[in-house]
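*Asks:* Dropping the structure in here first, questions after.
Every number here is computed from the coordinates shown, using simple stated rules; none is lab data. What you are looking at is a predicted structure, and each value in this text was computed from that prediction instead of being measured. All Cβ positions, glycine included, derive from the backbone under ideal geometry; neighbour counts span all protein chains shown.
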């Protein structure tokens, strides 16, 4: 993919366990790009949230909100035109999406006031790649990667999150959007799958697009 065909700011999004951070790193490595990644392990409230969501939802969300705002402010302050391509594994609106399913009404009203005062100048991606997979697949992948703070994630929470993402991207029109069925393909370890994705990205200039390839019979990486 030539530099002329490469979006300058790419965001890979999707629910927990879908593989967005791994794809983000794979794309950045291929493109010689910088990454802008969530730092979930820095959130001191996250493990307590999974243990008792009701008691720690608000501080968990506010920590993520301030963290993401800081990251995007640093991005805006850099020279977006002189800098290399950047690949991120989050949209700013992701934080609000999580807040809607974790906070009660009073907490969410407070959160909304903070969110609206902090995110007015968030940069707009040149391309958003939205990864989808069924909830059992998400649960299996979360379990397989074995992160301590994720061990208490419940399937019901993954279902709410997956549904929230589906609703959000149904209406999304802020940037060119590529919706990817990531259930049966391996965009990180299978070279054929990854090259197909790159070809699809090359074709996108605007609008909504879908990537739902037939899985190769041989799933070996190459």
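*Asks:* Sticking with the crude label model, points 7 Å out along Cα→Cβ, report the distance from residue 166 to residue 212 in nm, one decimal please.
*Replies:* Spacing of the two 7 Å Cα→Cβ label points: 1.3 nm.
*Asks:* If you take the beta carbon distance between residue 51 and residue 116 as r and set R0 to 30 Å, what does 1/(1 + (r/R0)^6) give as a FRET efficiency, to the nearest 0.05?
*Replies:* Efficiency computed from Cβ-Cβ geometry: 0.50.
*Asks:* To the nearest 0.05, what FRET efficiency results for residue 41 and residue 184 with a Förster distance of 35 Å applied to their C-beta separation? Don't skip to the end; give the middle numbers.
*Replies:* On the way: r = 29 Å, r/R0 = 0.83.
Once rounded, the FRET efficiency stands at 0.75.
*Asks:* Now, a different point. Counting alpha carbon pairs within less than 8 Å and at least 6 residues apart, what relative contact order, in whole percent, applies to the range 3-211?
*Replies:* Relative CO of the range 3-211 lands at 30 percent.
*Asks:* Can you tell me how much longer the chain between residue 104 and residue 155 gets when fully stretched, taken as 0.36 nm per residue apart minus their C-alpha distance, in nm with one decimal?
*Replies:* Contour length minus the Cα-Cα distance gives 16.3 nm.
*Asks:* Cα axis of helix 191-202 to longest principal axis of the chain: angle in degrees, 0 to 90, nearest 10?
*Replies:* It is inclined by approximately 90 degrees.
*Asks:* Okay, next question. Relative to the first principal axis of the alpha-carbon coordinates of the chain, what is the inclination of helix 155-171, with its axis defined by its Cα atoms, in degrees from 0 to 90 and to the nearest 10?
*Replies:* 60
*Asks:* Mind pulling the angle between the C-alpha long axis of helix 135-145 and the longest principal axis of the chain? Nearest 10 degrees, somewhere in 0 to 90.
*Replies:* 90
*Asks:* Among rounded, prolate and oblate, which fits the chain when a ≥ b ≥ c are the square roots of the eigenvalues of its C-alpha gyration tensor, a/c under 1.5 means rounded, and a/b larger than b/c means prolate? Show your work: numbers first, answer last.
*Replies:* Values: a/c = 1.81, a/b = 1.25, b/c = 1.45.
In terms of gyration-tensor shape, oblate.
*Asks:* Return the single residue from 170, 157, 149 with maximal mean-square fluctuation; model: Gaussian network over the chain, springs between Cα atoms under 10 Å.
*Replies:* 170
*Asks:* For the range 78-174, what does the relative contact order come out to in percent, with C-alpha contacts under 8 Å and a separation of six or more?
*Replies:* Relative contact order comes out at 32 percent.
*Asks:* So what's Rg/Rh here for the range 27-148, counting alpha carbon atoms and using the Kirkwood radius for Rh?
*Replies:* Working: Rg = 16.0 Å, Rh = 16.2 Å.
Answer for the range 27-148: 0.98.
*Asks:* Set the Förster distance to 30 Å, then compute FRET efficiency between residue 174 and residue 147 from the Cβ-Cβ distance, nearest 0.05. Write out the running numbers ahead of the final one.
*Replies:* Numbers: r = 30 Å, r/R0 = 1.00.
It comes to 0.50.
*Asks:* Also: Going by a ≥ b ≥ c, the root eigenvalues of the Cα gyration tensor, does the range 120-189 fall in the rounded group (a/c under 1.5), the prolate group (a/b larger than b/c) or the oblate group?
*Replies:* prolate
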